[in-house]
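Structure first, then comments.
The values are calculated or read from the model by the stated rules, or taken from the named source; none is laboratory data. Small disclaimer: the values here were computed from a predicted structure and weren't measured. Please note: Cβ atoms are built from the backbone with ideal geometry, for glycine as well, and neighbour counts cover all protein chains shown. These area figures cover heavy atoms from the full protein model, side chains too; ligands, DNA and RNA do not enter into them. Shrake-Rupley method; radii C 1.70, N 1.55, O 1.52, S 1.80 Å.
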Amino acid sequence: QRVLGRYVDTFSYCAPMAVRNDNEAYRYAAYSQIYPKFKVTDTLRRNGFEDNSHNIVPTELIPALLSDSRVETLLKSGQIPLLKFFMHNGRRSIDSYWASIRICLRNGYHIEDGSLWCDMVDMLNQLGKDIHNAKYVCPTDLRAAHDHYQTKRRARQERENIIKKRKEAMEAEQAYKQLKAKFFGIEFTDGIIRIHVLESVQEHLEEGVSMHHCVFDNAYYLKENSLILSATIEGRRIETIEVNLDTLKVVQSRGVCNQNTEYHDQIVNLVNANKRLIRQRMRQTA
């Protein structure tokens, strides 16, 4: 029994001994180093228990050892990092990895980090790799392999995202033309910098991908009072410009990753010097 108090280990030593239901207090006592001598059943010895719970709560490890042959296999084969990962994160997830684990066991491969290895197997599966092949699930350098497949998965996700964005762009083209077709063809230059209106949603997508900013993601092409232009030098994108169609002022002009370039002031001045071209198009359709 326990006395009243805020600490989990405040046992009442004058209470009679009794077998009680499992609770937080007994769990605390079970994995704390309170007494070095204990006895376990022959069945636990047979199932691989060797007086070491490997920082797994004994009240969880012992029932698992007595009821789950996979836990027994992991313990006997020395795959302790993997065993600890599954015991701390739920044994039900073992099913998803067991076939790959058997490949590791068959090849004598020691998994040094359970979480990292499971992440890698998940990525291999997503990339369509054979997770029953030792070539993939038994890497010489686990962390390097994990990072390699993480990079490949990220690249694949980016490609899939671009495909999705292209589909969105195709669906929005007609709406964009209705809003901004009257400005198509506007372009001007100072002999070095060329500035022109983006004439399609696809161009907005290409601009956003190339410049690593949100001109496409934030759907500037559907904003009625915004006009998006691109500033280039010899075909190379320098900055993306947003002009407010109500005031004809430059709201923003951004280079790669939303940073201003050395040409920023020159670009803004060039737009301001030619905003009459935008005003003329607005008057023609008024």
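Compared with the alpha-carbon gap, the fully stretched path from E187 to L277 is longer by 31.5 nm at 0.36 nm per residue.
Taking square-rooted eigenvalues a ≥ b ≥ c of the alpha carbon gyration tensor, is segment 159-208 rounded, prolate or oblate, where a/c under 1.5 means rounded and, failing that, a/b exceeding b/c means prolate?
Oblate, since a/c reaches 1.5 and b/c is not below a/b.
Could you calculate the FRET efficiency of N269 with R156 from 1/(1 + (r/R0)^6), where r is the beta carbon distance between them and R0 is 30 Å, rounded to 0.05? For N269 and R156, the calculated efficiency is 0.10.
Tell me what the chain gives for mean residue ellipticity at 222 nm when only DSSP H runs of n ≥ 4 count, each as -39,500 (n - 2.57), the sum divided by the residue total, rounded to 500 deg cm²/dmol. Calculated mean residue ellipticity at 222 nm is -15000 deg cm²/dmol.
Highest GNM mean-square fluctuation among P16, P81, P58, for the chain modelled with Cα contacts below 10 Å: P16. Helix 94-106 and the long axis of the chain differ in direction by around 70°, with both axes built from C-alpha atoms. Computed over protein heavy atoms with a 1.4 Å probe, the accessible surface of the chain works out to 62 Å² per residue. Here the Gaussian network model covers the chain, with springs between Cα atoms less than 10 Å apart; of T151, T232, T41, T41 fluctuates the most.
Helix 80-89 axis versus longest C-alpha principal axis of the chain: approximately 70°, rounded to the nearest ten.
Karplus-derived 3J(HN,Hα) values for segment 196-210, using 6.51 cos²θ - 1.76 cosθ + 1.60 with θ = phi - 60°, are 9, 6, 6, 9, 7, 5, 4, 5, 4, 4, 4, 5, x, 5, 5 Hz; glycine and proline are entered as x.
Here the scattering of the chain is modelled by Debye summation over its C-alpha atoms, one equal scatterer each and no solvent; at q = 0.08, 0.15, 0.17 Å⁻¹ the log10 of I(q)/I(0) is -0.64, -1.07, -1.24.
Helix 58-67 and the longest principal axis of the Cα set of the chain meet at an angle near 80°.
Taking 0.36 nm per residue of separation and subtracting the Cα-Cα distance, full extension of the segment from K39 to R92 would add 16.2 nm.
In segment 33-131, what GluC sites (Glu not before Pro) fall in a loop by DSSP, with at most 16 other Cβ atoms inside 10 Å?
Numbers: sites: E50, E60, E72, E112; in loops: E50, E112.
Passing sites in segment 33-131 are E50, E112.
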